[in-house]
1. Normalise the Debye intensity by I(0) for the chain, one equal point scatterer per Cα, no solvent, then take log10 at q = 0.09, 0.11, 0.14 Å⁻¹ and round to two decimals.
2. Subtract the Cα-Cα distance of Ala123 and Leu135 from 0.36 nm times their separation in residues, and report this length gain in nm to one decimal.
3. Of the peptides 62-74, 37-49, 120-132, 98-110, how do they stack up when ordered by the mean number of other Cβ atoms within 10 Å, highest first?
4. In debye to the nearest 20, how big a dipole does the stretch 53-140 give about its Cα centre with +1 on each Lys and Arg Cβ and -1 on each Asp and Glu Cβ?
5. Excluding residues on the same chain fewer than 8 positions from Lys127, give the lysines whose Cα lies under 20 Å from its Cα.
6. What is the extension gain from Thr54 to Ser24, computed as 0.36 nm multiplied by their sequence separation minus the C-alpha to C-alpha distance, in nm to one decimal?
7. When the Karplus curve 6.51 cos²θ - 1.76 cosθ + 1.60 is applied with θ = phi - 60°, which whole-Hz ³J(HN,Hα) does each residue of the stretch 46-52 get, with x for Gly and Pro?
8. Once amide H atoms are placed 1.01 Å from N in the peptide plane, what residues at a sequence separation of 5 or more from Ile122, or on another chain, have their amide H within under 5 Å of its amide H?
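Read the figures in this text as sums done on the coordinates, not as results from a lab. Since the model is a prediction, treat every value here as computed from it, not as a measurement. Quick reminder, even Gly has a Cβ in these numbers, built from the backbone with ideal geometry, and neighbours come from all protein chains shown.
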Amino acid sequence: MSSEETRGRLTTRTIAMPADTNPSGDIFGGWVLSQMDMAAGICAGQRAQSRVVTVALDSMSFIRPVKVGDILGVYTDITSVGRTSMNVHVEAWARRGRIGTREKVTEATFKFVAIDDNGNPIAVPDKEDLPAYALEGYSI
Ligand SMILES: CC(C)(COP(=O)(O)OP(=O)(O)OC[C@H]1O[C@@H](n2cnc3c(N)ncnc32)[C@H](O)[C@@H]1OP(=O)(O)O)[C@@H](O)C(=O)NCCC(=O)NCCS
């Protein structure tokens with residue numbers, strides 16, 4: 001078991017299914033990346049209180065494999081906010097076979113931009129202007 005601690009808030013949890021595997025039966029890296037992008041988008045959207053788009057992603061390495069039946073938990077943490085952009089540190093952890101030990105499988109920093117209905121960048125609001133739920137947790 002990893003002694004490492006998770007960083008950020010648990011934002012999504014899902015189970016790795018047979019449909020997410022490559023022909024060898026291992027979970028696609030792209031599926032994990034997609035789960036991380038979605039979780040980071042939830043995080044950035046709550047911080048921005050608007051639509052957001054992924055604009056960049058730093059380098060990413062897969063530390064451990066994900067297997068069918070693992071629960072993938074994605075943790076997010078906003079590390080910096082620019083005028084219209086936000087950097088979100090994202091960690092993906094696998095709970096082995098639903099009830100086993102957990103391990104960090106990968107991490108990366110995603111950059112999102114807040115946009116309006118026309119897809120143009122808009123300013124991220126100050127923290128003081130956010131509703132309480134956006135700061136306290138990710139209840140829907
Ligand atoms: C995100 C997008 C709206 C930004 O438009 P733009 O004309 O570059 O806007 P700006 O130059 O004003 O930049 C906006 C912010 O994004 C940042 N940014 C833009 N391009 C970037 C890049 N390639 N890497 C890192 N940051 C970038 C800027 O630094 C700026 O941040 P700040 O306001 O916090 O200082 C536009 O690039 C876009 O729509 N991209 C496609 C996004 C998308 O579809 N993602 C999903 C892919 S499937």
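1. Taking Cα atoms of the chain as identical point scatterers yields -0.29, -0.42, -0.65.
2. Length difference between fully extended and current span is 2.5 nm.
3. 37-49, 62-74, 98-110, 120-132
4. The calculated dipole for the stretch 53-140 is roughly 660 debye.
5. In chain and number order, the partners are Lys111.
6. Working it through step by step, the gained length comes to 7.8 nm.
7. In residue order, the calculated couplings are 6, 5, 8, 6, 7, 5, 9 Hz.
8. Ala114, Ile115, Asp116
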